[in-house]
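Reviewing the structure listed below.
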Amino acid sequence: MAVALPMAAAAAAVVEHTFVVSQVGMTHLCQETLVTVVNGQLPGPAIEVTEGDWVAVHVINKSPYNMTIHWHGVKQRLNCWADGVPMITQCPVRPNHSFTYRFNVSRQEATLWWHAHVSCLLGCVHGAFIIRPRHGASSYPFPKPHREVPLVIGEWWQTDLGQIDKSLTNSFFGFNPSSATINGKLGDLNNCSGGLVEEGYVLEVEAGKNYLLRLINAALISEYYFKIAGHKFTVVAADANYVKPYTTDVIAIAPGETVDALLVADAAPERSNYMVALANQPSITNPPFPVTVTRGTLRYLNDGDDPAAAGDDAPPPLGPEMPGLHDMMPSFYFHGNLTSLRLAHPRGRTVPAHVDERLLVTLSMGSVCRNGGESCARGGSIDHSSVVVNGTGEQPQQLYTPLPERPPRPFNFTDRAFIPIGPTEAEAQLEPTRKATTGQRFLYGAAVEVVFQNTAVMQSDYNPMHLHGHDMFVVAQGHGDFDAARDVPARYNLVDPPVRNTVLVPSLGWAAVRFVADNPGVWYLHCHYEFHVAVGMATVFVTEDGPTVGSALPPPPADLPKCGGGHGSSLDAMENDLL
Ligand code: C2O
C-alpha cells in the first residue's frame, strides 16, 4: 500500500507491498492454462513511488517454482543484494518460503517495471514500477497530464511458462505465444472457433485532454510496434530517463524497455480508434513464425454520458497502418532519434569523454548443448562463450574467467551467408562456442565503453542487452560491422545520447554504450530476449569497492535466502536450484 503523499517535497516514505506468487487457472482462446502470477493478477500490481522513497516488498512464494523478483532498471546503489538475480546476487526463494526485498529509489524518474528473474516466468510474473518526481506532477518536464495510463505489452502463452525451460531440449523452435496482450487483454484479433470473442484493452479519453502513457514491454521474445489510429505520441522518457520531446506515430519497444509518451486526445471524438501492438520479426524464417498481435480501442467519452451511448450506428473504429512485419527500420529510427533531456541539468550526468576500458562483445548463436549432448541446433552466446553462472554451497560465488576484450577470431560478423542454420563448413569454424562462466571486473569509477556487435551466425536477431545496476549512455548504433576508425567520428553522440538500462542492438548491426562503473557489486548483463538468456547470452560485470565507506558494498542482509543442495554442489545441482 503506498502511503499517499500528495504535496510537494514530502519526506521519503516506505512503500510496502505483499506479493503472493501462486498459480491460477486462466481461460483464453478456449483453453484453461495454469499461470504463475502475483496476487492473482496478470499483469501483477503496479508499484508507485515518489523519487527518494524506500520500498519493501514481501514476496511469499506459493508457486511450485523457485522465485526471485528483479526491479528492472532500479539502480540498487550499493545494494546488489536486492537485485533479484538467482545464483548471482541471491539464492532463489524456494516454494513455500518468503523473502522481503528492501531498497531505495533515488535519482531516477518515470516508468520502470518488476519481473521474476527465473527462467521464462517473467512472461507472467511482472508489473509496472512507477517513479513520480519528488516535487509533484508540476515538476514533470512536460505538460502535466490529465491522467497517467500504464500499458503493459505482454504475451499470452497457452503453456505453463515455468515448464518451458524444462521441456525444451536444445531449441526454442516451436514455442510461440498465442497472442500479444495489452494490460492482460488479448483483443478481438485472436479467437478460437466457437469461443467467446476475446476482450481488448479499452482506453477512454476526454477530447482535448493530455494522457501520459507508460509503456512496458514485458514480452518474452519480441520487439513491438505500437500505434493508435489517428493519433501521434510525444515520447518524453525511456527507461526512466527523460528524453527531449520526440513526436512520432509509432513506438518501437523491445523486451525490457519502457517508453513514456504523451497522447493528446485530439481526433474526431465521434469515432473510436484501434490501438495495435504488433511483434516485428527481423528475418523471414522457414517455417515462418506466427504473427503475434493484439488490438485494443481508444474511445472518446462524450460530455458526461457513457461510451456505450455511441450506439450501433457509430462508425466502426479506425485502424492504424502498421509497419511491415519484417521492417526493422522504424525501430532503428525510433531508437536512433531519442536524445537525452537532462545531461546538462544540475542533476544530470555527463557522458565520459575518455574511456578506461573498452570491450567489443559479439552476440551469436552457437551449438553448445544444454544437457551435455554433442551438437545442437542453437544456443545463444556472448563473445563466443556461453555463460553458466557458478554457484556452490551456501551462497552463489563469483567465480569466472574474464570476458575476452574482443572476439578471438574476427570475421565479417554480419555476412548474411551465415544466417541459414547450417552447419556449413564456414560456420563450424567461426563458432567456437563453449560453456564458460565469464565476467569482467572494473575498478571503482572506471569509464567503460562496450560495443555490442550482432552476428549473422545462424540467425539475424536483434538483441536487447540489459545491464543491471547502471544506466548506459547509448552513444551510437549502426548496421553492418562496427568500424572504430569510421564510426566513432561519424556516429558517436557524446553530447545528448539517450540514457537507458537496455540497449537494442539492431539486427545485423551494432550499438555502442558508455557508462561509469560507480556502483560496487555484481551486475548481470544479458539479452532480454528470454530464450536467448536461457541459452547463455549473459555475463556479469563486477565493480570493485571504492576507497570510502560510501563507495563500498555492504555485506548482504542476514535473511538472504540460502541455496539448497548442500555444500560443494555441482553445476547440475545449481541448475536444479534454478529450475
Ligand atoms: Cu529485466 Cu535481468 O532483467
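Things to note:
- In the set Gly366, Gly311, only one residue is at pLDDT below 75 and in contact with a strand residue (DSSP E or B) (Cβ under 9 Å, 6 or more places away or on another chain); that residue is Gly366.
- Put simply, of Val276, Val264 the only residue that is at pLDDT 95 or above and in contact with a Lys or Arg (Cβ under 6 Å, 6 or more places away or on another chain) is Val276.
- Residue match in segment 70-86 (condition: in contact with a helix residue (DSSP H, G or I) (Cβ under 9 Å, 6 or more places away or on another chain) and at pLDDT below 95): yes
Yes/no per residue for (1) of a type in the set (Asp, Glu); (2) over 27 Å from Pro316 (Cα atoms); (3) part of a strand (DSSP E or B):
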position	(1), (2), (3)
Asn190	no, no, no
Gly194	no, no, no
Glu198	yes, no, no
Tyr211	no, no, yes
Thr234	no, no, yes
Tyr246	no, yes, yes
Leu262	no, no, yes
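- Meets criteria (aromatic (Phe, Trp, Tyr), crowded, with 21+ Cβ neighbours inside 10 Å and either at pLDDT 90 or above or not in a strand (DSSP E or B) (or both)) for Phe452: yes
- Some residue of segment 531-539 being over 30 Å from Gln281 (Cβ atoms), under 22 Å from the mean Cα position of the chain (by Cα) and within 16 Å of the ligand (Cβ to nearest atom): no
- Considering (1) part of a loop (DSSP other than H, G, I, E, B); (2) in contact with a Ser or Thr (Cβ under 8 Å, 6 or more places away or on another chain), the lone condition that Pro45 does not fulfil carries the number (2).
- Test: residue in segment 484-501 that is within 16 Å of the ligand (Cβ to nearest atom), crowded, with 21+ Cβ neighbours inside 10 Å and not assigned by TED's automatic domain parsing to the domain that holds His72: yes
- Only one entry in Gly478, Gly469, Gly546, Gly521 is in contact with a Leu (Cβ under 7 Å, 6 or more places away or on another chain) and modelled with pLDDT of 95 or more, namely Gly521.
- Tabulated pairs, segment 518-542, first charged (D, E, K, R), second near the ligand (Cβ under 9 Å from one of its atoms), C-beta under 9 angstrom, 6+ apart or interchain: Glu530/Leu122; Glu530/Pro255
- Annotation: of all residues in segment 60-71 being part of a strand (DSSP E or B) and within 16 Å of the ligand (Cβ to nearest atom), the one that is surrounded by the fewest Cβ atoms within 10 Å (Cβ to Cβ) is Trp71.
- The requirement of being touching a strand residue (DSSP E or B) at 6+ places or on another chain (Cβ under 9 Å), crowded, with 24+ Cβ neighbours inside 10 Å and on the phi < 0 side of the Ramachandran plot is not satisfied by Ala137.
- Neighbours by Cβ (under 9 Å, 6+ apart or cross-chain): first from segment 457-477, in the same structural domain as Leu78 (by TED's automatic domain parsing); second within 16 Å of the ligand (Cβ to nearest atom): none
- Residues (assigned to a strand (DSSP E or B) and hydroxyl-bearing (Ser, Thr, Tyr)) located in segment 213-226: Tyr224, Tyr225
- Single match in Ile182, Ile164, Ile131 (criterion: at pLDDT below 90 and not small (Gly, Ala, Ser)): Ile164
- Residue in segment 37-52 that is touching a residue at least 60 places away in the same chain (Cβ under 8 Å), out of contact with any strand residue (DSSP E or B) (no Cβ under 6 Å at 6 or more places or on another chain) and within 25 Å of Met472 (Cβ to Cβ) present: yes
- Restricting attention to segment 18-72, the residues that are at positive phi and touching a Gly at 6+ places or on another chain (Cβ under 6 Å) add up to 1.
- Within segment 498-536, being in a loop (DSSP other than H, G, I, E, B) and touching a strand residue (DSSP E or B) at 6+ places or on another chain (Cβ under 7 Å) holds for Pro498, Asn501, Pro506, Ser507, Leu508, Asn519, Pro520, His528, Tyr529, Val535, Gly536.
- Just so you know, in segment 98-119 the residues that are away from the ligand (no atom under 13 Å from the Cβ) and either in contact with a helix residue (DSSP H, G or I) (Cβ under 7 Å, 6 or more places away or on another chain) or not in a strand (DSSP E or B) (or both) include one that is nearest to Cys563 (Cα to Cα), and it is Tyr101.
The values are calculated or read from the model by the stated rules, or taken from the named source; none is laboratory data. Here the structure is a predicted model, which is why all the values come from computation and not from measurement. With ideal geometry, Cβ positions are generated from the backbone for all residues, glycine too; neighbour counts draw on all protein chains shown.
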